[in-house]
1. At 0.36 nm per residue, and after removing the present C-alpha to C-alpha distance, how many nm does the segment from Gln216 to Thr121 gain when stretched out fully?
2. Which number comes out as Rg/Rh for the chain once both Rg and the Kirkwood Rh are worked out on C-alpha atoms?
3. Which of the peptides 328-339, 56-67 is most tightly packed, and how do the rest follow, judged by the mean count of other Cβ atoms within 10 Å per residue?
4. If you project the alpha carbons of region 86-128 onto their three principal axes, what span does each projection cover, largest first, in Å?
5. Quick one: grab the alpha carbon gyration tensor of region 162-233, order the square roots of its eigenvalues as a ≥ b ≥ c, and give me rounded if a/c is under 1.5, else prolate or oblate depending on whether a/b is larger than b/c.
6. Mind running the shape call on region 166-309? Use the C-alpha gyration tensor, a ≥ b ≥ c as the square roots of the eigenvalues: rounded below 1.5 for a/c, prolate if a/b tops b/c, oblate otherwise.
7. What is the log10 of I(q)/I(0) for region 53-103, computed with the Debye formula using one identical point scatterer on each Cα and no solvent, at q = 0.18, 0.22 Å⁻¹?
8. Grab the beta carbon distance between Thr45 and Thr94, set R0 = 41 Å, and tell me the FRET efficiency rounded to 0.05.
Amino acid sequence: MVLILAAGMAGIFLWKRSHTAGSPPTSENKGGSKDTKKKDAQSGTSDYTIELQGDSEVTVRLGDPYEDAGAVVKDRQGNRTDISVSLEEYDLNTAGEHQLVYKATDPKGKEISAQRTVTVTPNKEYGAKGLPICMYHYVYDANSVPENLNSNYIEVGTLEEELKYLHENDYYFPTWKEVREYLDGERILPDKSIVLSFDDGPLYIELAIPLFEKYQTPATSFVITSYYNDKSMLDPYRNNQYLTLESHTDNMHRGGGTYGHGGIFPALSKEEALADLKKSIEYCGNGDALAYPFGDYTAECEQTVEEAGFLCAVTTEPGKCYPGDDPYALTRVRMLGSQSLDQFISEIN
Ligand SMILES: [Zn+2]
């Protein structure tokens, strides 16, 4: 019986294929003495080996199909047997070296194994679906309508419908580090991936926080840290398992500039801006992502943000993100308080 490991499509899902072939060969080597057998058992050697079909080192681009060439078990004389080989689950959705592990059990019950190295190289051109980074602001309760109600406010019931939808449809919520890898062509994200971000700080989304827990939907709160006299004031939010605090700057969420909407960030010196960003990182306990106040940024702002150690920065410009996009000028999908669930679904797809 010829054993063939079926081809797998890499790049999208975990892949597992295990084979059980017919009975193992009966022609066992009986020449060895008891002592020899004991020695063999101790040293873990087997008269059988797994031989890889195809190259033992393979290189594929991220997102390109990978067909595994399979493996067979051979005896000491080099004869192919029909002993089944299983290939352990593997995942080629990230760039780097991956070891594919093949295992089989010889007729004496010893486990034998072999490995193939698959190197996945970065690739930005595999036709990504696009990642929505949602931009929300404030959450309110219909029983207590804010006086200055505008489209930046979403009613808590509307938000709950959206979170419930994401939960029930098994959406994936990448970390900012994973977002950066996705942009760099080093990671494939599931098609149903989404980032939820809420600008201006956790005080404005108190009503949403229990919902993040209820529907297990991680979210980022972009915090203006100068609104808090002491960083311990942020502890209850920082310690929430579904909420990540990231910088909306310390004290640059104010006017005074002449660029864009007039935010101060582009008008400050690099030293002033860096000091501001560093303080905000300390308060947030994170420094992976930044939201530019009012969406105002210049090439110099981008450099400052990178120098402060951030992996990503988001703007208020509309659109989904794709591999190859500038990680320090990411577009977002604006969430409006008046949107229906159908509109939400269409916006994120
Ligand atoms: Zn803001």
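Every number in this text was worked out from the coordinates using simple rules, so none of it is lab data. Everything numeric here is computed off the predicted structure, so don't read it as measured data. Cβ coordinates were reconstructed from backbone atoms using ideal geometry, including for glycine residues, and neighbour counts include every protein chain displayed.
1. Values: separation 95, 0.36 × 95 = 34.20 nm, distance 3.27 nm.
Once the chain is fully extended between Gln216 and Thr121, it gains 30.9 nm.
2. The Rg/Rh ratio comes out at 1.16.
3. Working: 328-339: 19.2, 56-67: 16.2.
Order by mean packing, descending: 328-339, 56-67.
4. 48, 15, 9
5. oblate
6. Judged from the Cα gyration tensor, region 166-309 comes out oblate (a/c at least 1.5, b/c at or above a/b).
7. With one equal scatterer per Cα and no solvent, log10 I(q)/I(0) is -0.68, -0.91.
8. It comes to 0.75.
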